[in-house]
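**Student:** Once you've had a glance at the structure underneath, I'll fire off some questions.
The values are calculated or read from the model by the stated rules, or taken from the named source; none is laboratory data. All figures in this text were calculated on a predicted structure; none of them were measured in a lab. Glycine also receives a Cβ, built like all others from the backbone with ideal geometry; neighbour counts cover every protein chain displayed.
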Amino acid sequence: MNQPVTSKESVIDRLDALYEYDREPVDKKKLHGWKTFIAMFAGEHVAGTEFVLGPLMVMHGVSAKDFLWGLLVGNILAVLSWALLTSPVAVKTRLTIYWQLKKVIGPYLTIAYSVFYALILCLLAGSMVNVAVTSISMPFGIPNPDYIAGDIFPSFQWMLIALIVGIVISALAVLGFEKIAHFSKICAPWMVLVFFASGIAILAKLKAATPNEGFWEILSTQIFTGVPIGANTKYTFWHVAGFAWLCNAHQHLGMSDVTIFRYAKKWTQGFASAFGMFIGHFGAWIASGILCAAYLSEGFTNPQPGTIALYGAGFAGAIAVVIAGWTTANPTLYRAGLAIQVVTPNWKRWKVTFAAGIFMIITACIPAVNANLDRVVAYNGLFFSPLGAFIILDVWLFPKIGLISYFTEKSRKTFSWPSALAWFGPFLLSMFIYGKDNFAFLQKMTEGKLPGWIAGIKMDITFLVGPEWLIAALLYVLFSYIQQKTKTNSQLIAEGGLS
Amino acid sequence: MVISYLGLACTLLPSILVLIGVFTLQNHFWLMSIGMVLWFSTSPFWMKSKSLDEVEE
């Protein structure tokens, strides 16, 4: 494991070795029924992030009607994406995302995938450390950073707590990942009820204060007022629906959950994702949104996961936030370490995990990350989703239109140029369309220089994931056709060398 | 297992009692804390978790 890397191939070999244990398709004896997937989704999607994302929607001034309908439509689309796209591919091939990608985009792009994935995982783990510290800091009387009020960094004492929490989480990720994973499963049913109970109790408190108003009136006039807080932009139905659909785009459109669904007996088990979406991303987001809005309506400022949970559920709520942050950060950091190990072949596992842990702690101390967690999650979806389109096309479409599936693997290529162009091209185009209105340097560079029809495209990043996915798919088919119809490759295919 | 479920009931039911006006918010906070202690002190003894790689019975 600690041999020095002496050639380009050895990096690829090392990557293969990391995932060697799941190289073969899952055996039929190991398949699981509905119960496993329902429990898994219900547990995974009630996590620390839910304490951030529900309140973020409130901070962006979403109205009650837009919030509820947006969540309903967005979550239905997410479930359909898992059930109709991810699960059928997983059941047909029974391979992990790593081996799928290696066959489709080649080893070098798979390494790039691993590195970028590690970065985003460190950011998300840091965000969860931040969530836990918002609760731990309260008994010490240390104020949480207020990003809306202009805090760029937390106080020294706050960062000290984040450092201690980060070191503990990193140590646990090295020492006892399996036990933490088990503990997080124990926490799941209780955590769900903490969310719901605190939301119900606070709704009751508001109802008691205004007995003449119905629940819908309380929701629309006292909780979801439709007015953004601070300098936040206004969110509508489309923002909520888009975000609810695409916050897990990496897992469904991007196909990373084939790793889980390869254990499913039938593709229809993809519908088990509904339990995660409607308990976590519907129920828990509404509950945490209610907590945040009610907290603000009482004149408090700077709603943070720890403070709103204490407000709605007392001591148990504060503990729930610490546990939610911790149990989400831990597996996330573990996975980040696994992904980073690809490019740090001489490092021992504990060193890699601690290196990822340092990045996680730095991220935890940047309040802007959690204040823009919806953006971070949207960039994640935008970047990784096209890869899912390539896998779907290789598995389902290519055999029907006379193209060779898994051409990169069969032709023993280490780099797939059709994948690279179809992946990075639409991603950079999407970033440009979003950035020209939202990134200061791009605004400055392009001001008055763009044709009217391009300047006129005003799209939020969540609205770009769908079009980007479709454009990437079309380009991938086109480029794959060009690649496979070149003289050399056509000859190889005709001779049966790639069958 | 019964005590664990009692812990979950202590977590959720008080909020419904607050909603129908029988309970105060303060009592709801106390019972949620008791529910938490009951759940975490008993559930690890009977809740098993298995990885996907293990064969389903």
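**Student:** Considering only the stretch B:1-45, state which residues are of a type in the set (Ser, Thr, Tyr), under 9 Å from the mean Cα position of the chain (by Cα) and more than 7 Å from chain A (Cβ to nearest Cβ).
**Tutor:** B:Ser4, B:Tyr5, listed by residue number.
**Student:** Do any helices (runs of 4 or more DSSP H) lying entirely in the stretch A:25-87 carry at least 2 residues that are within 17 Å of A:Ala378 (Cα to Cα) and more than 14 Å from chain B (Cβ to nearest Cβ), and which ones are they?
**Tutor:** A:50-59, A:64-81
**Student:** In the stretch A:52-101, how many are among the β-branched types (Val, Ile, Thr) and at pLDDT 90 or above?
**Tutor:** Summing the residues that are among the β-branched types (Val, Ile, Thr) and at pLDDT 90 or above in the stretch A:52-101 gives 8.
**Student:** Taking A:Ala208 as meeting all but one of (1) modelled with pLDDT of 90 or more; (2) among the aliphatic types (A, V, I, L, M); (3) over 31 Å from the mean Cα position of the chain (by Cα), write down the number of the exception.
**Tutor:** Every listed condition holds for A:Ala208 apart from (1).
**Student:** Determine, yes or no, whether A:Tyr108 is farther than 20 Å from A:Thr332 by Cβ, more than 14 Å from every other protein chain (Cβ to nearest Cβ) and touching a Phe, Trp or Tyr at 6+ places or on another chain (Cβ under 9 Å).
**Tutor:** yes
**Student:** What tally of residues in the stretch A:211-256 results from selecting those that are at pLDDT below 90, surrounded by fewer than 23 Cβ atoms within 10 Å (Cβ to Cβ) and of a type in the set (Ser, Thr, Tyr)?
**Tutor:** Number of matching residues: 4.
**Student:** Within the stretch A:309-323, can you find the residues that are on the phi < 0 side of the Ramachandran plot and either without any contact (Cβ under 8 Å) to a residue 40 or more places away in the chain or more than 14 Å from every other protein chain (Cβ to nearest Cβ) (or both)?
**Tutor:** Hit for the stretch A:309-323 is A:Phe315, nothing else.
**Student:** Right, something else. Could you figure out which of (1) in contact with a Ser or Thr (Cβ under 9 Å, 6 or more places away or on another chain); (2) touching a residue at least 12 places away in the same chain (Cβ under 8 Å); (3) farther than 22 Å from A:Ile111 by Cα isn't true of A:Phe432?
**Tutor:** Against the list (1) in contact with a Ser or Thr (Cβ under 9 Å, 6 or more places away or on another chain); (2) touching a residue at least 12 places away in the same chain (Cβ under 8 Å); (3) farther than 22 Å from A:Ile111 by Cα, A:Phe432 comes up short only on (2).
**Student:** A follow-up question, please. Of the numbered conditions (1) surrounded by fewer than 21 Cβ atoms within 10 Å (Cβ to Cβ); (2) out of contact with any Leu (no Cβ under 7 Å at 6 or more places or on another chain); (3) of a type in the set (A, V, I, L, M), A:Leu333 satisfies every one except a single condition; which is it?
**Tutor:** (1)
**Student:** Restricting attention to the stretch A:132-146, and to residues there that are outside any loop (DSSP other than H, G, I, E, B) and not polar (S, T, N, Q), which single residue is surrounded by the most Cβ atoms within 10 Å (Cβ to Cβ)?
**Tutor:** Checking each candidate, the answer is A:Val133.
**Student:** Quick check on my filter: what residues within the stretch A:348-387 are part of a helix (DSSP H, G or I) and out of contact with any helix residue (DSSP H, G or I) (no Cβ under 9 Å at 6 or more places or on another chain)?
**Tutor:** Result: A:Lys351, A:Ala368.
**Student:** Of the conditions (1) of a type outside the set (A, V, I, L, M, F, W, C); (2) surrounded by 24 or more Cβ atoms within 10 Å (Cβ to Cβ); (3) within 14 Å of chain B (Cβ to nearest Cβ), A:Gly166 fails just one. Which one is it?
**Tutor:** The single condition A:Gly166 does not satisfy is (3).
**Student:** Here are some residues: A:Phe390, A:Phe424. Which one is out of contact with any Ser or Thr (no Cβ under 8 Å at 6 or more places or on another chain), in a helix (DSSP H, G or I) and either buried (at least 19 other Cβ atoms within 10 Å of the Cβ) or free of Cβ contacts under 8 Å to residues at least 60 places away in the same chain (or both)?
**Tutor:** So the residue among A:Phe390, A:Phe424 that is out of contact with any Ser or Thr (no Cβ under 8 Å at 6 or more places or on another chain), in a helix (DSSP H, G or I) and either buried (at least 19 other Cβ atoms within 10 Å of the Cβ) or free of Cβ contacts under 8 Å to residues at least 60 places away in the same chain (or both) is A:Phe424.
**Student:** Hey, can you tell me all the residues within the stretch A:180-232 that are within 10 Å of another protein chain (Cβ to nearest Cβ) and not in a helix (DSSP H, G or I)?
**Tutor:** Of everything in the stretch A:180-232, just one residue is within 10 Å of another protein chain (Cβ to nearest Cβ) and not in a helix (DSSP H, G or I), namely A:Pro211.
**Student:** Can you tell me which residues in the stretch A:393-413 are assigned to a loop (DSSP other than H, G, I, E, B) and surrounded by 14 or more Cβ atoms within 10 Å (Cβ to Cβ)?
**Tutor:** A:Leu403, A:Ile404, A:Ser405, A:Tyr406, A:Ser411, A:Lys413
**Student:** Moving on. Output the qualifying pairs, or none if there are none: Cβ atoms under 9 angstrom, residues six or more apart or on different chains, first residue in the stretch A:187-207 and closer than 11 Å to A:Gly283 by Cα, second residue buried (at least 24 other Cβ atoms within 10 Å of the Cβ) and among the charged types (D, E, K, R).
**Tutor:** Taking only residues 6 or more apart or on different chains, the pairs are A:Phe195/A:Glu50.
**Student:** Another one. Take the stretch A:150-163 and flag every residue that is within 14 Å of A:Pro367 (Cα to Cα), surrounded by 13 or more Cβ atoms within 10 Å (Cβ to Cβ) and not aromatic (Phe, Trp, Tyr).
**Tutor:** The answer is A:Asp151, A:Pro154, A:Ser155, A:Met159, A:Ala162.
**Student:** So which residues in the stretch A:475-493 are under 24 Å from A:Leu382 (Cα atoms) and surrounded by 14 or more Cβ atoms within 10 Å (Cβ to Cβ)?
**Tutor:** Scanning the stretch A:475-493 gives A:Leu475, A:Tyr476, A:Val477, A:Phe479, A:Ser480.
**Student:** Now a separate question. Within the stretch A:236-307, considering only helices (runs of 4 or more DSSP H) that don't extend past its boundaries, which have at least 3 residues that are of a type in the set (A, V, I, L, M) and within 14 Å of another protein chain (Cβ to nearest Cβ)?
**Tutor:** A:285-297
**Student:** Can you give me the number of residues within the stretch A:449-492 that are under 24 Å from A:Thr233 (Cα atoms), outside any helix (DSSP H, G or I) and touching a helix residue (DSSP H, G or I) at 6+ places or on another chain (Cβ under 9 Å)?
**Tutor:** Of the residues in that region, 4 qualify.
**Student:** Ok, one more. Take the residues in the stretch A:169-179 that are of a type in the set (Gly, Ala, Ser) and out of contact with any helix residue (DSSP H, G or I) (no Cβ under 6 Å at 6 or more places or on another chain); name whichever of them is farthest from the other protein chains (Cβ to nearest Cβ).
**Tutor:** A:Ala171
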